[in-house]
1. Sequence gap at least 6, Cα distance under 8 Å: using those rules, report the relative contact order of region 379-429 to the nearest whole percent.
2. Testing the spin-label approximation: label points 7 Å from Cα along Cα→Cβ at residue 203 and residue 279. State their distance in nm.
3. What are the ³J(HN,Hα) values, in whole Hz, obtained from phi via the Karplus relation 6.51 cos²θ - 1.76 cosθ + 1.60 with θ = phi - 60°, for each residue of region 96-110 in sequence order, with x given for Gly and Pro?
4. Checking the a/c ratio against 1.5 first, then a/b against b/c, what shape does the Cα gyration tensor give for the chain?
5. Per 0.36 nm of contour for each residue apart, how much would the distance between residue 24 and residue 131 grow if the chain were fully extended, relative to their Cα-Cα spacing?
6. Can you give the FRET efficiency to the nearest 0.05 for residue 34 and residue 444, using r as the Cβ-Cβ distance and R₀ = 35 Å?
7. Might you tell me the accessible area per residue for the chain, computed with a 1.4 Å probe and given in Å²?
8. Explain nothing, just compute: Karplus ³J(HN,Hα) = 6.51 cos²θ - 1.76 cosθ + 1.60, θ = phi - 60°, for every residue of region 38-47 in order, whole Hz, x for Gly and Pro.
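The values are calculated or read from the model by the stated rules, or taken from the named source; none is laboratory data. The model shown is predicted, which means the values in this text are computed figures rather than measured ones. Note: ideal-geometry Cβ built from the backbone for every residue, glycine included; neighbour counts use all protein chains shown. With ligands, DNA and RNA removed, areas are computed over all heavy atoms of the protein, side chains included. Shrake-Rupley method; radii C 1.70, N 1.55, O 1.52, S 1.80 Å.
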Amino acid sequence: MPVLIKGGTVVTAEHSMRADVLCRDGLIVAVGENLEAPAGTEVVDAGGQYVMPGGIDPHTHMELPFMGTIASEDFFTGTSAGIAGGTTTIIDFVIPGPQQSLLDAYRTWRGWAEKAAADYSFHVAVTWWSDQVSDEMGVLAREHGVNSFKHFMAYKGAIMVDDGVLLNSFTRALELGALCTVHAENGEAVFHLQQKMLDLGITGPEGHALSRPPEVEGEAAQRAISIASVLGAPVYVVHVSTEQATRAIARARAAGHRVYGEVLAQHLVIDESVYRNEDWATAAAYVMSPPFRPKHHQDALWAGLVSGQLQTTATDHCCFCAPQKAAGRDNFTKIPNGTAGIEDRMSVLWHHGVNSGRLTPNEFVRITSTNCAQIFNIYPRKGAVAVGSDADLVVWDPEGTRTISARTHHQNVDFNIYEGMEVKGKASHTVSRGNLVWKDGDLRTVKGAGRYVDRPCFAPPMRAIERRNEERKPTGVRRAPAVDVTP
Ligand code: URQ
Ligand code: ZN
Ligand code: ZN
């Protein structure tokens, strides 16, 4: 059934204009004033509201097996919750176990994601190294639309990789024209500090933050950037949470290195005081990595987004309910790391970003959708309101208010990190693949309606590599030109 969104103001990353949007067969087929509704069209009155590209969340972990349990949100409930908040595409993560075939893990995750209600794609993590890993990266890139490979520099003894793996994997990704992303925390330092906290008798959630100080992220971010720079490779730092990492990214970008930074909505508005909550379960619910930081880091992150030094926003949606978090009751290192947020990202960013005057509506679209689509090479299929683009749209009510709560959210988790937060600005309607699936509080998602999104690799910047290699070729001893010295 066609959908016509009438009377709204289309807001893209580039401009805003009064226009209707007609969707048919999963695509946007017309954008313009006074569009007619063909017979059988579902009409949405968007008067006084904005029509924006559906949000893209480039960092989620639906039903992730992690730290001895499985995240409580699955691909259907998680993408449905995203729809309710205005997000229409996720990029999740395939995380092979050490020595596990990347292709086998990819097939497993593809199976889990078939239940998704909205479109999805996958970064694939490189959690070990061998010729097989290198070969499988090629198969994933060339045959399965994977153009990004993730590297965890933390989680020692589990999925952490060392600099040698980073060097090999970044080199391979560059050959393929794929982008490398990193979870930037120095895992050795974290492990050392975890033991130190436990030795001091600090076993509560506060120990989690104390064992992952900002320097641990700053060092790893700089190291990943330096390794990528040595290779002439681009790099994307996920969940940047500190001033240190933001500065490292800004320095690299100012020097002309292609480095991207991603910010989680929660790191912009929640600080480390949550770990001092007297209620253990509440404090444990906020245990995620990187942890929540002292408030001044939020200023650096906002400045990074406003200045364009940081490009995307995400949620790292990775849900664990109280009984799961309780595994770490006597030892914070056993608390499954992760928090939710896919349903609230857009409202939180609009309320604290646009309503506060930090961001324009166009910049909001840029950091919630368009930048991600362009960085991961799915623009303008996604991240645009244009004829021929996927009909993934959100009708945004800037006057709509709501109080965020686990009692009313659609996320399959028993806690909401924004509990009680009152926000102004929300999705009144969401269109996914041309279907109206969220309408004034009525969630009408369909299990399995989502589709896998191929993300083509980029042309390897071989010219850049060749040029750099040329410049670095050891030159012969340059003799000064002969000078006639005869008196
Ligand atoms: O580190 C991640 O991104 C995954 C394992 C989710 N958990 C988290 O605390 N961020
Ligand atoms: Zn991470
Ligand atoms: Zn993550």
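1. Averaging sequence separation for qualifying contacts and normalising by length gives 40 percent for region 379-429.
2. 2.2 nm
3. x, x, x, 6, 7, 4, 5, 5, 4, 5, 4, 5, 4, 5, 4
4. Oblate, because a/c is 1.5 or more while a/b does not exceed b/c.
5. Extra length available between residue 24 and residue 131 comes to 33.9 nm.
6. For R0 = 35 Å, the calculated efficiency reads 0.80.
7. It amounts to 39 Å² per residue over the chain.
8. Couplings: x, 3, x, 7, 8, 9, 10, 7, 9, x Hz.
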